[in-house]
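The values are calculated or read from the model by the stated rules, or taken from the named source; none is laboratory data. Here the structure is a predicted model, which means the values were calculated and not measured. Cβ placement follows ideal geometry from the backbone for every residue including glycine, while neighbour counts extend to all protein chains displayed.
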Amino acid sequence: MQVRDLHLTVPSAAGPVNILRGIDLDIAAGEAVGIIGPSGSGKTSLLMVLAGLERATRGAIVLAGQTVTDMGEDALARLRRETIGIVFQAFHLIPTMTALENVAVPLELGGVPDAAPRAQAALEAVGLGHRLTHLPGQLSGGEQQRVALARAFAPRPRLLLADEPTGNLDHATGETVMDLLFRLRAETGTTLMLITHDPRLAARCSRRVHLADGRVVEIDLSPVTIAQVA
């Protein structure tokens with residue numbers, strides 16, 4: 001993935017606010033990249049633009065040979081369905097659907113012929129083969145996030161975008177989800193871009209991209225400290 005001169009400006013009562021101010025990034029296929037920086041630095045906005053959920057004001061994103069920033073809404077929806085997986089801090093499961101349905105329905109909407117078996121396999125891969133018929137309200141927070149991971153990986157995306165995936169979990173549960181995330185990424189060869197304030201999670205990425213005031217201020221491959229990520 002290539003990101004060139006990416007800008008995001010949004011209106012406000014006080015005038016235009018520059019959220020992203022010329023981001024340039026090159027992400028290799030299969031790489032795990034941690035996006036870190038203080039609150040308000042533009043981390044989540046960058047993820048939303050990369051996912052096509054927010055329109056960039058200026059610049060270009062090229063993913064899988066396609067210029068995302070030139071796409072219409074239908075093409076963006078298709079790209080997200082076929083190429084991009086997203087995991088948020090909030091689990092965003094449909095409360096009236098079982099774990100299996102939460103994973104299978106997006107596959108069915110995407111025209112995947114073996115949606116149910118693939119969804120079941122994805123849930124088994126995250127250790128929830130015994131919870132297929134449970135509703136989200138019957139699952140713990142860690143189990144719900146594992147369903148969200150299964151849903152993200154089931155379409156076999158080229159790129160997984162994760163925004164604070166362990167932010168709502170306790171330490172032990174977060175460790176379990178973190179291990180699953182990196183195991184699944186390694187098994188599938190999926191490219192990972194991870195927003196986190198957790199130094200342990202950031203340290204597991206091959207690179208850390210530091211944002212501040214909507215700009216890339218540093219890219220490092222060295223171990224991170226709590227002070228760097230906080």
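Computed quantities for the displayed model
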{"quantity": "Enumeration of residues in the stretch 185-230 that are among the aliphatic types (A, V, I, L, M), modelled with pLDDT of 90 or more and within 14 Å of the chain's Cα centre (by Cα)", "calculated": "Leu192, Met193, Leu194, Ile195"}
{"quantity": "The stretch 6-62, residues that are crowded, with 19+ Cβ neighbours inside 10 Å, part of a loop (DSSP other than H, G, I, E, B) and either touching a Cys at 6+ places or on another chain (Cβ under 7 Å) or not polar (S, T, N, Q) (or both)", "calculated": "Ile27, Gly37, Gly42, Ala51, Gly52, Ala56"}
{"quantity": "Filter result for Ala154 (crowded, with 20+ Cβ neighbours inside 10 Å and at pLDDT 95 or above)", "calculated": "no"}
{"quantity": "Of the criteria (1) touching a strand residue (DSSP E or B) at 6+ places or on another chain (Cβ under 9 Å); (2) surrounded by 14 or more Cβ atoms within 10 Å (Cβ to Cβ); (3) of a type in the set (A, V, I, L, M, F, W, C), which one Val103 fails", "calculated": "(1)"}
{"quantity": "Any hit, the stretch 167-182, residues being under 16 Å from Gln89 (Cβ atoms), part of a loop (DSSP other than H, G, I, E, B) and over 17 Å from the mean Cα position of the chain (by Cα)", "calculated": "yes"}
{"quantity": "Residue ID - surrounded by the fewest Cβ atoms within 10 Å (Cβ to Cβ), chosen from residues in the stretch 173-190 that are closer than 16 Å to Gly30 by Cα and among the charged types (D, E, K, R)", "calculated": "Glu187"}
{"quantity": "Residues located in the stretch 79-122, provided they are under 21 Å from Asp163 (Cα atoms) and either free of Cβ contacts under 8 Å to residues at least 12 places away in the same chain or among the hydroxyl-bearing types (Ser, Thr, Tyr) (or both)", "calculated": "Thr83"}
{"quantity": "Meets criteria (surrounded by fewer than 19 Cβ atoms within 10 Å (Cβ to Cβ), within 27 Å of His7 (Cβ to Cβ) and touching a residue at least 40 places away in the same chain (Cβ under 8 Å)) for Thr67", "calculated": "no"}
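Matching residues to (1) under 24 Å from Glu187 (Cβ atoms); (2) assigned to a loop (DSSP other than H, G, I, E, B); (3) β-branched (Val, Ile, Thr):
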| position | (1), (2), (3) |
| --- | --- |
| Glu82 | yes, no, no |
| Gly85 | yes, no, no |
| Leu93 | yes, yes, no |
| Ala119 | yes, no, no |
| His130 | yes, no, no |
| Thr133 | no, yes, yes |
| Ala148 | yes, no, no |
| Ala152 | yes, no, no |
